[in-house]
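S.K.: Please find one structure pasted underneath; my questions will follow.
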Amino acid sequence: MDVVINLDSLGFGIPRTGFGLNLISGSYIQVSNPAKRKPDIFGLTDVLSLGDNSSTMVFASLKTSPIKLSTAEEIQSFTMSGLVAQKIQINIDGTLIGNGKADVTITRIDGDGRPTELLKRFDVKVSGGQLARTSIRGNVRKLP
């Protein structure tokens with residue numbers, strides 16, 4: 001199985017300071033399973049928020065190359081029951097214009113605020129552009 005992440009964001013945030021103003025952010029996670037013909041697509045959005053839960057430096061539009069899920073735990077985390085109605089945060093760190101590499105982290109946050117890292121990869125091939133770091137936090141839903 002593999003995962004592709006698309007993330008678009010418009011706002012202003014200063015990484016690692018807690019300061020940010022998010023106008024709109026949206027992301028979808030496409031999970032491809034060789035056993036299925038059609039990939040599962042999950043989405044999350046965040047509109048008009050303060051803080052650094054969802055932020056970017058002005059504008060970002062990013063798409064990762066396919067990221068292989070290598071362990072049974074990772075595969076289970078990206079199923080319908082592992083994602084839908086869960087609060088997750090996606091962080092993509094790295095400056096790029098056009099094509100480049102970035103670090104990708106996806107974290108699930110439980111009802112008590114405890115994080116569980118679902119995926120962490122360094123030097124992932126990414127197309128698009130951003131100045132520093134883009135993040136989004138929200139509840140996941142299944143898209144048609």
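S.K.: State all residues of the range 99-126 that are of a type outside the set (Val, Ile, Thr) and within 23 Å of Leu23 (Cβ to Cβ); if no residue qualifies, say none.
M.R.: Within the range 99-126, the subset of a type outside the set (Val, Ile, Thr) is 99-103, 108, 110-115, 117-123, 125.
Across the range 99-126, the qualifying residue is only Ala102.
S.K.: Now, a different point. Name the residues in the range 84-103 that are over 8 Å from Val126 (Cβ atoms) and either charged (D, E, K, R) or in a strand (DSSP E or B) (or both), would you?
M.R.: Step one: list which residues in the range 84-103 are over 8 Å from Val126 (Cβ atoms), which gives 84-91, 93, 95, 97-98, 103.
Of everything in the range 84-103, those that are over 8 Å from Val126 (Cβ atoms) and either charged (D, E, K, R) or in a strand (DSSP E or B) (or both) turn out to be Lys87, Ile88, Gln89, Ile90, Asn91, Asp93, Ile97, Gly98, Asp103.
S.K.: Quick one: is Lys120 surrounded by fewer than 18 Cβ atoms within 10 Å (Cβ to Cβ), in contact (Cβ under 8 Å) with a residue 60 or more places away in the chain and assigned to a strand (DSSP E or B)?
M.R.: Details: surrounded by fewer than 18 Cβ atoms within 10 Å (Cβ to Cβ): yes; in contact (Cβ under 8 Å) with a residue 60 or more places away in the chain: no; assigned to a strand (DSSP E or B): yes.
When the stated conditions are applied, Lys120 does not pass them.
S.K.: Okay, next question. Does Arg141 satisfy the criteria of being open to solvent by 90 Å² or more (accessible area, probe 1.4 Å) and within 14 Å of the chain's Cα centre (by Cα)? I'd like the intermediate steps shown before the answer.
M.R.: On the way: open to solvent by 90 Å² or more (accessible area, probe 1.4 Å): yes; within 14 Å of the chain's Cα centre (by Cα): yes.
Taking the combined requirement at face value, the residue satisfies it.
S.K.: Leu44 passes all but one of (1) surrounded by fewer than 18 Cβ atoms within 10 Å (Cβ to Cβ); (2) closer than 14 Å to Leu7 by Cβ; which number fails?
M.R.: (1)
S.K.: From the residues in the range 69-109 that are free of Cβ contacts under 8 Å to residues at least 24 places away in the same chain and open to solvent by 60 Å² or more (accessible area, probe 1.4 Å), which one is nearest to Phe42 (Cα to Cα)?
M.R.: Filtering first and then ranking leaves Ser81.
The values are calculated or read from the model by the stated rules, or taken from the named source; none is laboratory data. Keep in mind that what you see is a predicted model, and the values were worked out from it rather than measured. Cβ: placed from backbone, ideal geometry, glycine included. Neighbour counts: every protein chain shown. Remember, those area values only see protein heavy atoms, side chains included, never the ligands or the DNA or RNA. Shrake-Rupley method; radii C 1.70, N 1.55, O 1.52, S 1.80 Å.
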